[in-house]
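Peer 1: Submitted below is the structure of interest, expressed as structure tokens.
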Amino acid sequence: MYKFINSGKLKASNILEKITIVRRSVLDKFFEGNKLKQAGK
């Protein structure tokens, strides 16, 4: 996940040094997009 956050593909917020918050709706859209890409292979 951190790879996707650092590359800007996944929007997230750092609350504290060790806590990263990602909205559920953002995760759902991210994984749905990846399913569509894999299905097209």
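Peer 1: Kindly evaluate N34 against the criterion of being surrounded by 10 or more Cβ atoms within 10 Å (Cβ to Cβ), at pLDDT below 80 and not acidic (D, E).
Peer 2: yes
Peer 1: Are there any pairs, at least 6 apart or on different chains, whose C-beta atoms fall under 7 Å, with the first in the stretch 21-32 and under 13 Å from M1 (Cβ atoms) and the second surrounded by 10 or more Cβ atoms within 10 Å (Cβ to Cβ), and if so, which?
Peer 2: Pairs found: I21/A12; I21/S13; V22/L10; V22/A12; V26/L10; V26/K11; F30/L10.
The values are calculated or read from the model by the stated rules, or taken from the named source; none is laboratory data. Bear in mind that the values here come from a model prediction, so they are computed numbers and not experimental data. We place every Cβ from the backbone using ideal geometry, glycine too, and count neighbours over all the protein chains shown.
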